[in-house]
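Computed from the coordinates by the stated procedures, all read-outs in this text should not be read as laboratory data. Computed from a predicted structure; not experimentally measured. Here the Cβ positions follow ideal geometry from the backbone for every residue, glycine too, while neighbour counts run over all protein chains shown.
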Amino acid sequence: MRRPSLRHVAIAIALLAVCALLVGAWSPERAAAFRAERGELRQAVVASGRVRTPQRVEIAAQVTGRVAAVAVREGERVELGQMLVRLDDAEARAAAEQARATLAQGEARLRQLAVQSRPAAEQALRQAEANRLQAERHYERVRELVARNFYSQAQLDDARRALEVADSQRRSAELQLTAQAPDGAEAAVARSGRDQARAALAVAEARLGYAALRSPVAGTVLTRSVEPGDTVQPGRVLLTLAPDGATELSAQIDEKNLALLAVGQTARVSADAYAGRHFAAEVSYIAPSVDAQRGSVEIRLRVHEPPAYLKHEMTVSIDVETGRRAEALIVPADCLRDADGAPWLLVVRDGVAERRPVRVGLRGAGRVEIVDGLNDGEAVLPAASPVAAGRRVRAEFR
C-alpha cells in the first residue's frame with residue numbers, strides 16, 4: 001500500500017482548515033444577552049446637600065460694655081422678646097435717673113409759671129396801674145397849684161418824675177405778664193427746657209435698653225460667641241439666630257442634569273447621620289445661573305414636615321424624582337452605545353447581530369427606557385460584548 005505523500009497531507013490539512021473557517025463563519029457565537037421588557041422606571045437626580053437656614057439674624061451689641069449675663073445656649077429655642085444677653089447697665093441706669101430728674105424739674109418750672117408766676121405778674125400789673133393812676137392825679141393837682149402860685153416849679157418836677165416812674169413800672173409789669181403768658185417768652189423757654197429734658201430721658205432710656213439684648217424673632221440659637229465678663233464693642237456679633245419658618249435644603253447639581261429639573265418635583269431625602277430614615281421634600285428654587293468654576297447649579301428644596309432630628313447645616317442625601325413611567329420598555333444601561341451622541345443597540349434578530357439606532361427616554365438606576373427602535377422581548381447584547389454587527393449569534397439570556 002502506498003503511503004500518502006507530504007504534498008497530499010498538506011492539501012488535506014489546508015482543506016480541513018478551510019472547512020473549519022467555513023464552519024466557524026456560519027456557526028453562531030454564544031453571547032450573553034438581555035431581553036427588552038416592560039416595567040416601571042423611575043428617573044432621578046441624586047446629590048449631596050445641606051440643611052439650609054432661609055435667613056439668619058445676627059445679634060450684636062450697640063454700645064461698648066461688659067457682659068453681665070448670657071441667658072441662652074447654642075441649639076436652644078427662643079421666643080420673641082426673650083432676654084438673650086445683658087450688659088452691665090449701672091452707668092446707663094444712673095444717666096436715665098438723672099434725665100428723669102431734669103425732666104421733672106422742667107415740668108415743675110412750667111407748673112410754677114402757671115400757678116405762681118403768672119398770677120403774681122397779673123397782680124403786679126394791677127398794682128402798677130393803680131400807682132400810675134395815683135401819680136397822674138397827683139401830677140395834675142400839683143400843676144394846678146403851681147399855676148396858682150401855691151406850689152413851686154420844683155414840686156411840679158418831682159410830681160412829673162413820680163408819674164414817669166409809675167408809668168415805667170406799669171410798662172415793665174405789662175412786659176412781665178406778657179412773657180409769662182402761655183404763649184410768652186418765659187413759657188416758651190420753660191417748655192423748651194422740658195422738651196430737651198424729655199429727649200435726654202429718651203436717649204438715656206434707649207442706651208439703657210441697649211444693655212438688654214432681646215430676641216427680635218422666635219427661633220433657634222445657631223451660634224454663641226460671648227461669655228459673661230467679656231467686654232464687647234458695637235457691631236460685634238454675639239449670637240446668630242435661625243428664625244422659625246420653612247426648613248430648606250440646598251444642593252449643587254451638575255449642570256448636565258439641569259434640563260431634567262423643575263420646580264415642584266418631589267424628592268426623597270435622608271440625613272447622613274440617620275441613613276435609615278427618609279423624609280419628603282419639594283424643589284422650590286433653581287438658580288438662574290450656573291457656577292462656571294464648578295459647573296453646577298444650586299437648587300433648594302422645601303421640607304414641609306421636617307423630622308425632629310434634622311439640624312441646621314446637617315449633610316443630607318437628596319434623590320429628586322425627575323420622571324416615572326409605569327410601562328416603559330427597559331434595557332440595561334450598559335447595553336446602550338454612544339449614549340451621548342446617536343444612541344444605538346446591538347440587537348439579535350433572526351440569529352444575527354444587528355446595529356439598531358434607538359431613541360432614549362427616561363434613565364433610571366442602571367436601566368434606560370427605549371422609546372423607539374426596539375420591540376418587546378428582543379435580545380440586546382451588552383456594549384462590552386465582543387460580537388460585531390453582522391455576526392451570527394446564539395443569545396444566552398441572563
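The mean sequence separation of alpha-carbon pairs under 8 Å and at least six residues apart, normalised by the residue count of the chain, gives a relative contact order of 30 percent.
With r defined as the distance between the Cβ atoms of residue 372 and residue 312 and R0 fixed at 41 Å, what FRET efficiency is calculated, to the nearest 0.05? Walk me through the intermediate numbers first.
Numbers: r = 48 Å, r/R0 = 1.17.
E(calc), rounded to 0.05, equals 0.30.
Placing a pseudo-label 7 Å from each Cα along the Cα-to-Cβ vector at residue 153 and residue 178 gives an inter-label distance of 3.7 nm. Note on region 249-398: Cα-only Rg and Dmax are 20.1, 61 Å. Once backbone amide H atoms are built at 1.01 Å from N, residue 84 has 213, 214, 215 as its partners under 5 Å, excluding neighbours fewer than 5 places away on the same chain. Computed over the alpha carbons of region 71-178, Rg followed by Dmax gives 32.2, 109 Å.
Each residue of region 205-222 was assigned a 3J(HN,Hα) from its phi angle through the Karplus curve 6.51 cos²θ - 1.76 cosθ + 1.60 (θ = phi - 60°); the sequence is 5, 5, 5, 5, x, 5, 6, 10, 8, 10, 6, x, 9, 8, x, 10, 7, 8 Hz, with glycine and proline shown as x.
Taking the Kirkwood radius as Rh and the Cα radius of gyration as Rg, region 324-366 has a ratio of Rg/Rh equal to 0.99. In terms of packing, defined here as the mean over residues of other Cβ atoms within 10 angstrom, the peptides 227-239, 36-48 line up highest first as 36-48, 227-239.
Could you sort 264-277, 77-90 so that the peptide with the highest average Cβ count within 10 Å comes first and the rest follow in order?
The packing order, highest mean first, is 77-90, 264-277.
Residues whose amide H comes within less than 5 Å of that of residue 33, counting only those at least five positions distant or on another chain, are 396, 397, 398 (H built at 1.01 Å from N in the peptide plane). Across region 230-238, rounded Karplus estimates of 3J(HN,Hα) from the backbone phi angles (6.51 cos²θ - 1.76 cosθ + 1.60, θ = phi - 60°) give 5, 9, 10, 10, x, x, 6, 6, 9 Hz, Gly and Pro being marked x. With one equal scatterer per alpha carbon and no solvent term, the Debye-computed log10 I(q)/I(0) for region 23-105 at 0.16, 0.21, 0.26 1/Å reads -0.96, -1.16, -1.33. Geometric descriptor of region 211-282, per residue, is 187 Å³ (volume of the convex hull of the Cα atoms).
Our summary of shape: the Cα atoms of region 344-398 have principal axis extents of 31, 20, 18 Å, ordered from largest down, in whole angstrom.
When only the Cβ of Lys, Arg, Asp and Glu is charged (+1, +1, -1, -1), the dipole of the chain relative to its Cα centre reaches about 1400 debye. Diffusion of the chain by Stokes-Einstein, at 37 °C in a medium of 0.692 mPa s and with Rh set to the Kirkwood radius over alpha-carbon pairs, works out to 101 µm²/s. Counted residue by residue at 0.36 nm each, then reduced by the alpha carbon distance between them, the extension gain from residue 171 to residue 258 reaches 22.1 nm.
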